[in-house]
Amino acid sequence: MNQEKSTQLLSPTEHFIVQLSSTPRGARLARLLATEWMRTREVPHRITEAAEHLVAELAANAATHGRLPGRDFRLVLRASCETLRIEVTDTRGDDLPRHPAPAPDAESGRGLLLVEALADRWGALVAAVEVISRSNPDNDWVTKMRDYPLMGVPVYAIFDPRTGTGTVLTDIHATPDGPRYATRKDFVYGEDVTIADWTISTEDLPRYEGGTGEQQ
């Protein structure tokens, strides 16, 4: 789930990343750490105040509704000159956030309405798609294949213009080495490929020219 609050910030481009237990204590700690990080970087008070509420709500949501036993959630803050981006990734990538209208007398269920009101825009990450770099293919085939399930990215699609092939990875599960994708579906260029809710044709995708790194 990604939120962006656009305004003029004082800090340069930088980021903060922490992984916390999916518990009420972890949710509270997320709010405290985020507030301290923004304070030390002199983010304007009104932005810090809004972001504090966003982090609190998203972290509580991750710890309550996105929780799986033994799995953590991840908080990322990215600040640039114009944008503060808040990312909270939980362990339930198969269950995207929804915010149905709560009953008038309901005591809960309004959290995402608060997020919608405070953030300039927000949404949920449903898939990551990468095109293999000729100069550093291991970044996509090894590093991201390891890191994306840890971040809770539910679907990871890889396109390799060197070979005209690719793969779609889904179904995160626990292993002794940490979360990993359990299902892998390979394809060759020319086939239709399903990525999350979309099916795309790979018939006309470009290929790298042999030995040049340039696309045909």
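Can you give me the convex hull volume of the Cα atoms of region 128-201, divided per residue and expressed in Å³?
Dividing the Cα hull volume of region 128-201 by its residues yields 78 Å³.
Under the 0.36 nm per residue contour assumption, what length would be gained going from the current alpha-carbon distance of Asp171 and Asp147 to full extension?
Details: separation 24, 0.36 × 24 = 8.64 nm, distance 1.43 nm.
Full extension from Asp171 to Asp147 adds 7.2 nm.
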Checklist outcome for this item: Between the modelled labels at Arg162 and Ser201 (7 Å from Cα along Cα→Cβ) the distance in nm is 2.9
Next on the checklist: Quick check: Cα centre of region 186-207 to Cα centre of region 13-54, how many Å?
Outcome noted: 39
Next on the checklist: Need one number: nm distance between label points at Ser80 and Ser135, each 7 Å from Cα along Cα→Cβ, rounded to one decimal.
Outcome noted: 2.0
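Values quoted throughout were computed directly from the atomic coordinates according to the rules given, and no laboratory measurement underlies them. Here the structure is a predicted model, which is why all the values come from computation and not from measurement. Here Cβ is always computed from backbone atoms with ideal geometry, including for glycine, and neighbour counts include all displayed protein chains.
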